[in-house]
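One structure is given here, and the rest of the page talks about it.
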Amino acid sequence: MNDPGPGQTWIQKRNQEQQRTHDLAQGLKGQFLAGITGVDQETETYTVVSHGGQVKVRALFPFQSRSAWMRGMPEVGSGVLMSFRTDSDEPEATRFYDRDSFENVKKFNEEQVAYRPLDPGELDFASNGLAQHYFGARPVQDRSAGAMW
């Protein structure tokens, strides 16, 4: 057991650690998987459902300032890895995932989708409206929009 913090006794520290262990076992702390069931673009929130029920969470973006931003809203049906904030115990997204990514690479090789396999260091951005921006490992950049095949 770590040294108790300032103003904290060993018994309080032990009780705090026992409570955290209990919360982890109950899924009340730590990370959990959820599915997205709703998106609200007006409030930039989305609804997730997991073993703990349903909750609406605020969308977080990789970068956002007053005059520049990098944003994206998840789609209904996407998976999300959630974790609880330590300062407020509110859930927030850690990362999003698509359960069919391996199938999408296969479809790309069959020229059915634009989801290409990536080499280390490459970046690929795409919207569901078929706009795409690809940065290759070599000095290559592809931009496209609309029907591609």
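Read the figures in this text as sums done on the coordinates, not as results from a lab. Bear in mind the structure is a predicted one, so any value in this text is a computation, not a measurement. Virtual Cβ from ideal backbone geometry, glycine too; neighbours counted across all protein chains shown.
Its Cα centre serving as origin, segment 101-144 has a Cβ charge dipole (Lys and Arg +1, Asp and Glu -1) of approximately 60 debye.
Its Cα gyration tensor gives the chain an equivalent ellipsoid; the semi-axes, largest first and in whole Å, are 39, 18, 17. Annotation note: GluC sites (Glu not before Pro) in segment 74-149 located in DSSP loop regions with a Cβ neighbour count of at most 15 within 10 Å are GLU75, GLU110, GLU111, GLU122. You can think of it this way: the chain between ALA131 and PHE102 has 8.3 nm of extra reach, that is 0.36 nm per residue less the Cα-Cα gap. Put simply, when 59-72, 8-21, 31-44 are sorted by average Cβ atoms within 10 angstrom per residue, most first, you get 31-44, 8-21, 59-72. Dipole orientation for the chain: of the candidates GLN141, GLN12, PHE108, GLN12 has the Cα lying most toward the positive pole (charges on Cβ; Lys, Arg +1; Asp, Glu -1). Roughly how tilted is helix 10-25, in degrees to the nearest 10 and between 0 and 90, from the longest Cα axis of the chain? Taking Cα atoms only, the helix is inclined about 40 degrees. Model label points for VAL76 and ALA145, set 7 angstrom from Cα along the Cα-to-Cβ axis, are 2.6 nm apart. For segment 101-144, dividing the convex hull volume of the Cα atoms by the residue count gives 76 Å³ per residue. Each Lys and Arg contributes +1 and each Asp and Glu -1, all at the Cβ; summed about the Cα centre of the chain, the dipole is approximately 280 debye.
With the helix formula -39500 (n - 2.57) applied to DSSP H stretches of n ≥ 4, the chain reaches a computed 222 nm mean residue ellipticity of -5500 deg cm²/dmol. Compactness check for segment 80-130: Cα Rg over 2.2 N^0.38 Å is 1.57. In the calculated pair distance distribution of segment 27-97, what percentage of Cα-Cα distances lie above 18 Å? Considering segment 27-97, 36 percent of its Cα-Cα pairs are separated by more than 18 Å.
Sparsely packed loop sites in segment 74-149 (the trypsin sites (Lys or Arg not before Pro) outside DSSP H, G, I, E and B with at most 12 other Cβ atoms within 10 Å) comprise ARG85, ARG99.
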